[in-house]
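Below is one structure; the comments refer to it alone.
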Amino acid sequence: MTLDELFRDAADGCDAEGCTHKHGELVLHAACHPDASSWAKVDVDKGTLQIACAICDKPIVTIKHVMSN
């Protein structure tokens, strides 16, 4: 997922049944442990930012840095 895609998803809002998050909001939580905190890791060589569950390290989202001209 690129940062542009992340912004577009936030603008579209959540489409999960029963979700109350509005357009412009994006909540990133682990489906495996919804109440757990998360951690972020930057890999400069790969140009990625990964957010993962603090309990089991399962990735929540990986954002790829894309250079624009």
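The values are calculated or read from the model by the stated rules, or taken from the named source; none is laboratory data. Predicted model only: the values in this text are computed from it and were never measured. For neighbour counting, all protein chains shown are included, and Cβ atoms are generated from backbone atoms with ideal geometry for every residue, glycine included.
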What are the residues in segment 43-53 that are surrounded by fewer than 12 Cβ atoms within 10 Å (Cβ to Cβ) and β-branched (Val, Ile, Thr), if any?
-> Val44
Which ones in segment 55-69 are free of Cβ contacts under 8 Å to residues at least 40 places away in the same chain, among the β-branched types (Val, Ile, Thr) and not in a loop (DSSP other than H, G, I, E, B)?
-> Ile60
Within the set of pairs 6 or more residues apart or between chains, which connect a residue that is assigned to a loop (DSSP other than H, G, I, E, B) inside segment 29-54 to a residue that is among the basic types (Lys, Arg) and surrounded by 12 or more Cβ atoms within 10 Å (Cβ to Cβ) with Cβ atoms less than 7 Å apart?
-> Ala30/Lys58; Cys32/Lys58; Gly47/Lys64
Counting only residues in segment 1-28 that are among the small types (Gly, Ala, Ser) and either at pLDDT 80 or above or under 27 Å from Asp57 (Cβ atoms) (or both), the one surrounded by the fewest Cβ atoms within 10 Å (Cβ to Cβ) is identified as Ala16
Residues of segment 29-38 satisfying the condition of being surrounded by 12 or more Cβ atoms within 10 Å (Cβ to Cβ) and hydrophobic (A, V, I, L, M, F, W, C) = Ala30, Cys32, Ala36
